[in-house]
Every structure is written in structure tokens, then in C-alpha cells.
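Every number in this text was worked out from the coordinates using simple rules, so none of it is lab data. Computed from a prediction, not measured in an experiment: that's the story for all the values here. Cβ placement follows ideal geometry from the backbone for every residue including glycine, while neighbour counts extend to all protein chains displayed.
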Amino acid sequence: QVQLVESGGGLVQPGGSLRLSCAASGFTFSSYAMGWYRQAPGKQRELVAVISSGYSTNYTDSVKGRFTISRDNAKNTVYLQMNSLKPEDTAVYYCNAKFPLDGPIYDYWGQGTQVTVSS
């Protein structure tokens, strides 16, 4: 069965860093676009970053220059390095897998990991 398991969330002070990991199984990881989404209480879920099967990346404007998405196909794992964290980054972060990226037939989600940025 398909599994996406996020880890690495927690409490961090403003200006700090966290690295999220998403371990995938049950599908051909290297063929999928992988993304990170986040959802804060009372707000819609939003795309944070995406990395294609060809390793191209895109980021939402609010995290550009601060966050980096990467993937290790040998480990079936996608990462989100988050630097210079702000309180507005506080949210549950979800891992997503899609194939194909533009009109997905397959669309899988992890359970989420909490990121809290607070003094």
C-alpha cells in the first residue's frame, strides 16, 4: 500500500531552521512529482514547494530564498529544508505525491507534521 510518512516537525524559534522529511513507499517514487503543502488553522491548504521527477523546483513566493525542496530517489525520500523561519510559517506540513504533475491520475498524501515557529 501507498505510504507517505512525514517527520522533522517541531517547535522552533523565529529565525531558526527545520528539515522535514517524507519517506515514501508503495509506488514508483522516481516517476512522481513530490510536493510540500501546509495548512494553518482557519486557512486553506497551500502549496509550499514542488519538485518534479526531473528535479526542477517551484516555490510559493512567501518561502522563496528561505526553503529548499530536494529528493533522494535512492531513499524514496523528499525533504524540505526550512531556514529563517517566521511565525507565519506555523502550520501542519503535508507531503504529496502526484503523477503526472499536470493532470494527476495518482495523488497521494501523508498525515502531516506540525511546525510551530514561536518565541
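Observations on the structure shown:
- Pairwise FRET efficiency - Lys43 versus Ser84, Cβ, R0 = 25 Å, nearest 0.05: 0.75
- Working note: Karplus 6.51/-1.76/1.60 with θ = phi - 60° gives region 110-118 the couplings x, 8, x, 9, 7, 10, 10, 10, 7 Hz, where Gly and Pro are set to x.
- Distance between the 7 Å Cα→Cβ label points at Asn73 and Asp61: 3.3 nm.
- Positive-pole candidate from Gln13, Ser70, Leu47, dipole of region 1-76, charges at beta carbon: Gln13
- Gyration tensor (alpha-carbon) shape descriptor, region 68-119, a/c threshold 1.5: prolate
- Per-residue HN-Hα couplings for region 58-75 [Karplus 6.51, -1.76, 1.60; θ = phi - 60°; Hz; x = Gly/Pro]: 9, 9, 5, 4, 5, 10, 4, x, 10, 10, 9, 9, 8, 9, 10, 5, 5, 9
- Overall form of region 14-119 per C-alpha gyration tensor (a/c, 1.5; a/b vs b/c): prolate
- Cα gyration tensor category, rounded, prolate or oblate, for region 1-42 with a/c compared to 1.5: prolate
- Fraction of beta bridges assigned by DSSP in the chain that are antiparallel (%, nearest 5): 95 percent
- Summarising the amide proton neighbourhood of Leu101: residues at separation of 5 or more, or on other chains, whose placed amide H is nearer than 5 Å comprise Ala33.
- Converting phi to 3J(HN,Hα) with the Karplus coefficients 6.51, -1.76 and 1.60 and the offset θ = phi - 60°, region 6-12 yields 7, 8, x, x, x, 9, 9 Hz in sequence order, with x at every glycine or proline.
- Loop-located trypsin sites (Lys or Arg not before Pro) across region 45-103 with a Cβ neighbour count of 11 or fewer within 10 Å are Lys64, with loop assigned by DSSP.
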